[in-house]
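The values are calculated or read from the model by the stated rules, or taken from the named source; none is laboratory data. Since the model is a prediction, treat every value here as computed from it, not as a measurement. A quick note on method: Cβ atoms are made from the backbone with ideal geometry, for glycine too, and the neighbour counts reach across all protein chains shown. Side chains included, ligands, DNA and RNA excluded: accessible areas come from the protein's heavy atoms. Shrake-Rupley method; radii C 1.70, N 1.55, O 1.52, S 1.80 Å.
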Amino acid sequence: MSYKEQQTLDREKIAKSFGLASQSYDVSARLQRFSGKHLMPWLPKQNDLTVLDLGAGTGFFTDLLASSYTQVIGLDFSKDMLSFAQATRDKSIHWIEADAHKIPLQDNSIDFIYSNLVIQWCEPLDVAINEMLRVLKPGGLIIFTTLMDGTLHELKSSWKQVDDDQHVIDFKTEEELAQLFNHDGARVIEHKCQDIVLEYQNVIHLARELKGLGANHLPQKRNRGLSGKDKWFAMIKHYQDFLEPSGIYPATYRLYSGLVVKVNS
Ligand SMILES: C[S@@+](CC[C@H](N)C(=O)[O-])C[C@H]1O[C@@H](n2cnc3c(N)ncnc32)[C@H](O)[C@@H]1O
């Protein structure tokens, strides 16, 4: 299978995994709510704008954007996420089922793109960035969050002591993100990095939350079945090294928030 075909297949699997989570997503999305709200101060004050919510999911933030801006488009490649969004959110929103790597919108047609916790799933990311820049008007903004390398390091290192398979997706570093967005046609004008540590009653609670969010497809995973019970117990034992005195299991999310402007190249 060619690299391109493999990427397409991976994206179909990611979309399916998110689709399966469309009903449970909103109750599990505490990190997503935090990060999405965190972007609000960067939103333009002017209202007569055309906005694209890229990777809109269940449309929680698309709905918020629709209360402030004239034309709001929610794009996602998961049919089930879009069906949920369409049934529950503001009727003025225009929904598009499409891949961020091939956005079916005209060049220079969007004033700003809002994208909360999506681009960590976009591979190759440079193709998705080129698409965002193509549809943005000159001077338009990309206002986004993503997760960086070091995210879920507790889970990753606990599994590492059990086997060599992939159990956490590969996240980009801060330097890689800066390089990708400080592009010929774009500049990062502000960015912020912060560690968010969420608390879990146990490791199963963490695994259920990731599944409930649909964030459980691992493109590089070799062993596609469930990891054996013995492996799970071994991993959980290693995770106990992170157990806090209060009996809580922490999981770290390294959040990158970026404000990017499209410049004339
Ligand atoms: C973690 S959810 C975030 C949803 C929403 N932005 C929020 O803040 O709740 C990621 C969403 O991005 C979508 N997504 C991931 N990769 C995508 C791609 N290449 N093209 C379009 N949508 C994508 C998924 O289907 C999922 O709905």
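From Asp76, Asp90, which residue is surrounded by 15 or more Cβ atoms within 10 Å (Cβ to Cβ) and within 12 Å of the ligand (Cβ to nearest atom)?
Asp76
Quick one: what pairs do we get from region 105-129, first residue without any contact (Cβ under 8 Å) to a residue 40 or more places away in the chain, second surrounded by fewer than 15 Cβ atoms within 10 Å (Cβ to Cβ) and outside any helix (DSSP H, G or I), C-beta under 9 Å, 6+ apart or different chains?
Asn108/Pro138; Val127/Lys102
Quickly run through region 56-80 and pick out the residues that are of a type in the set (Ser, Thr, Tyr), farther than 17 Å from Ala29 by Cα and in contact with a strand residue (DSSP E or B) (Cβ under 6 Å, 6 or more places away or on another chain).
Result: Tyr69, single match.
Exactly one condition in (1) in contact with a Lys or Arg (Cβ under 6 Å, 6 or more places away or on another chain); (2) crowded, with 21+ Cβ neighbours inside 10 Å is not met by Met148; state its number.
So the condition that Met148 fails would be (2).
Restricting to region 237-263, count the residues that are open to solvent by 60 Å² or more (accessible area, probe 1.4 Å) and of a type in the set (A, V, I, L, M).
1
What number of residues in region 12-55 are near the ligand (Cβ under 9 Å from one of its atoms) and open to solvent by less than 40 Å² (accessible area, probe 1.4 Å)?
Qualifying residue count, region 12-55: 16.
Based on what the data block shows, is Tyr69 modelled with pLDDT under 95, crowded, with 18+ Cβ neighbours inside 10 Å and closer than 23 Å to Ser257 by Cα?
Considered against the rule, which asks whether it is modelled with pLDDT under 95, crowded, with 18+ Cβ neighbours inside 10 Å and closer than 23 Å to Ser257 by Cα, Tyr69 comes out as no.
Kindly indicate whether any position in region 104-112 is within 20 Å of Gly212 (Cα to Cα) and either open to solvent by less than 30 Å² (accessible area, probe 1.4 Å) or within 15 Å of the ligand (Cβ to nearest atom) (or both).
Checked region 104-112: no residue is within 20 Å of Gly212 (Cα to Cα) and either open to solvent by less than 30 Å² (accessible area, probe 1.4 Å) or within 15 Å of the ligand (Cβ to nearest atom) (or both).
Looking at Glu123, Glu97, can you tell me which residue is near the ligand (Cβ under 9 Å from one of its atoms) and more than 17 Å from Phe144 (Cβ to Cβ)?
Checking each option against the conditions leaves just Glu97.
Identify all residues within region 9-35 that are under 20 Å from Ile93 (Cβ atoms), in contact (Cβ under 8 Å) with a residue 60 or more places away in the chain and in contact with a Ser or Thr (Cβ under 7 Å, 6 or more places away or on another chain); write none if there are none.
Listed by number, the residues that qualify are Ala15, Phe18, Gly19, Ser22, Tyr25.
Exactly one of (1) open to solvent by 40 Å² or more (accessible area, probe 1.4 Å); (2) in contact (Cβ under 8 Å) with a residue 12 or more places away in the chain is unmet by Lys160. Its number?
Here Lys160 clears every test but (2).
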